[in-house]
Amino acid sequence: MRLLTFRGGVHPPEKKELSEHRELTKAPLPELVYVFLANHTGVPAKPLVDVGEKVLTGQKIGEAAGFISANIHSPITGVVKEISKVYHPVLGKPDNAIIIERRGEDSWQLLEPQKPYEEFEPQEIIERIKEAGIVGLGGAMFPTSVKLTPPKEKKIDLLIINGAECEPYLTVDYRLMLEKSEKLIRGIQALMKALGVKKAIIGIENNKPKAIAELKKASKGTGIEIASLKTKYPQGAEKQLIYAITKRVVPSGGLPMDVGVVVQNVGTAFAVYEALEEGKPLVERAVSITGEAVREPVNVIARIGTLASELIKLAGGIKEDEVDRVIFGGPMMGIAVPRIDIPIVKGTSGITVMPKEITPSKEVYPCIRCGSCFMACPMNLQPFSLNLYATNRLYDRAVENGLMDCIECGSCSYACPANIDLVKNIKLAKKVYRTLKGGKK
């Protein structure tokens, strides 16, 4: 079988074996949840509840405050304890969160009506997805309803479902594909109906043969195709996934819709099924608790806003004498956090606890322009040049050479024999450039 792929990329140790055989289990209901108003890309939600107010599981507690924004819902039944600033794992600083104290078991406030997706009109599907607060669950947290409403001049003819899960260690998408295949397929069909497309392709790396076989069986007769992808990082990045499957090239500064494609994650498609046919808003998600520095890696369905420390307990706790860092996500694109009493957000696909032996300190040497980073870059950029411009604060030059096209995958840093953290410098340059409103100041 010919495997589909893209130019560049790297192949770090997969580490999937730590948790790939662990079935999804329900995490216990937390006593407290911390639900950020910024639980998505875009404008933070506007709070709809006050301190002391009783809330039900699934009740809307924050309303989308703009076109690119999303609703948020209570993950538990309880009382609003306070609305205050809590450390946000993505923003890296304290941000507004609704803190809810649990009072008993779940009393659900479901979305109505609950019926087969076939009975929804396309616009009704999009409205339900918006009402449910569904965002991209691959990590970007972009509001799904926005992706499903491209401008009229952008003609979409293909839906691609990202089942690559190329990030090392993480295995929740794999488990969803194995355990929830029929519901996942129905979620994909609902997305196809919302977009008005006749074709959908699920891209899965060839290191997941059981998932490929399971989805081929579940999708039989639906017109949904399964594409086997070469196992390589970052195969799950949108532009690389689109090229591997279709050979279409998203232009510089462009979006998938510019080449007639919408990409959604398998977790998002499953959430769409639950919102339509079970009436559940997005209040929980699958999370891998993994890494060599936890005792028993697990895959769990956890409520949004649960503290990482509580989830790590489900994996037997941390091996205190071995741990080097805790990462929300995986080691390539995840975010290292300063402590573990931090709540998960809608985009938290994993908590990876790395040991010292895997992440030793390395001496950094001068760049000799060997080209290793260029060969690894899936965007065909020259990271060594971008790093030079960034460290010398030549931001305009960096932008002229593709700075804003960097997808921050970290392949360059992984490939660099001089141990230069190229992606860190490039990320910083992008932030500074945006702050300077075009780098002209």
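Among the trypsin sites (Lys or Arg not before Pro) in region 368-429, which ones are in a DSSP loop with at most 13 other Cβ atoms within 10 Å of the Cβ? Mind listing them? Write out the running numbers ahead of the final one.
Details: sites: ARG369, ARG393, ARG397, LYS424, LYS427; in loops: ARG369, ARG393.
Hits after loop and neighbour filter: ARG369, ARG393.
Taking other Cβ within 10 Å of each residue's Cβ, how do SER252, SER372 sort, fewest first? Write out the running numbers ahead of the final one.
On the way: SER252 9, SER372 19.
Least crowded to most crowded, the residues run SER252, SER372.
Taking GluC sites (Glu not before Pro) that fall in a DSSP loop and have at most 11 other Cβ atoms within 10 Å as cut points, what is the longest piece of the chain between them? Don't skip to the answer; put the middle values down first.
Details: sites that count: GLU23, GLU105, GLU153, GLU320, GLU357, GLU363.
It works out to 154-319.
Who wins for biggest fluctuation among LEU381, LEU48, LEU403 in a Gaussian network model of the chain, springs between alpha carbons below 10 Å?
Largest GNM mean-square fluctuation: LEU48.
Please list, by residue number, every one of the chymotrypsin sites (Phe, Trp or Tyr not before Pro) in region 1-109 that is coil in DSSP and has at most 12 other beta-carbon atoms within 10 Å. Write out the running numbers ahead of the final one.
Numbers: sites: PHE6, TYR34, PHE36, PHE67, TYR87, TRP108; in loops: PHE6, PHE67.
For chymotrypsin sites (Phe, Trp or Tyr not before Pro) across region 1-109 that sit outside H, G, I, E and B with at most 12 neighbouring Cβ atoms in 10 Å, the list reads PHE67.
Pairing rule first: another cysteine's C-beta must sit under 4.7 Å. Under that rule, which cysteines of the chain stay single?
CYS166, CYS367, CYS370, CYS377, CYS406, CYS409, CYS416
Which value, in debye to the nearest 20, gives the size of the charge dipole of the chain about its Cα centre, when Lys and Arg are +1 and Asp and Glu are -1 at the Cβ? The partial results should precede the final answer.
Numbers: 60 positive and 51 negative charges, 284 e Å.
Dipole of the chain, to the nearest 20 debye: 1360 debye.
Between LYS230, LYS16, LYS152, where does the largest GNM mean-square fluctuation fall for the chain, given springs only between Cα atoms within less than 10 Å?
Looking only at LYS230, LYS16, LYS152, the biggest GNM fluctuation is shown by LYS152.
For region 1-112, evaluate the Debye formula with one uniform point scatterer on each Cα (no solvent term) and list log10 I(q)/I(0) at q = 0.23 Å⁻¹, rounded to two decimals.
So the normalised log intensities work out to -1.23.
When the chain is treated as a GNM, springs tying every alpha-carbon pair under 10 Å, which of ALA418, ALA244, ALA97 comes out with the largest mean-square fluctuation?
Between ALA418, ALA244, ALA97, it is ALA418 that shows the largest mean-square fluctuation.
Which value, in Å³ per residue, describes the convex hull spanned by the Cα atoms of region 286-400? Could the numbers behind the result be given before it?
Numbers: hull volume 17.5 nm³, N = 115.
Spelled out: Cα convex hull of region 286-400, divided by residues, is 152 Å³.
What do you get for Rg/Rh over region 372-435 if you use C-alpha atoms and the Kirkwood form of Rh? Present the calculation step by step, with values, prior to reporting the outcome.
Values: Rg = 10.3 Å, Rh = 11.2 Å.
Looking at region 372-435, the ratio lands at 0.92.
Can you give the Rg and Dmax of the chain based on its C-alpha atoms, in angstrom?
Answer for the chain, Rg first and Dmax second: 21.3, 62 Å.
For region 87-234, take N as its residue count and report Rg(C-alpha) divided by 2.2 N^0.38 Å.
Values: Rg = 17.6 Å, N = 148, 2.2 N^0.38 = 14.7 Å.
Cα-based Rg divided by the globular estimate yields 1.19.
Can you give the alpha-carbon Rg of region 153-237 over 2.2 N^0.38 Å, where N counts its residues? Show your work: numbers first, answer last.
Working: Rg = 12.8 Å, N = 85, 2.2 N^0.38 = 11.9 Å.
Rounded to two decimals, the normalised Rg is 1.07.
Values quoted throughout were computed directly from the atomic coordinates according to the rules given, and no laboratory measurement underlies them. Since the model is a prediction, treat every value here as computed from it, not as a measurement. Backbone-built Cβ (ideal geometry, glycine too); neighbour counts: all protein chains shown.
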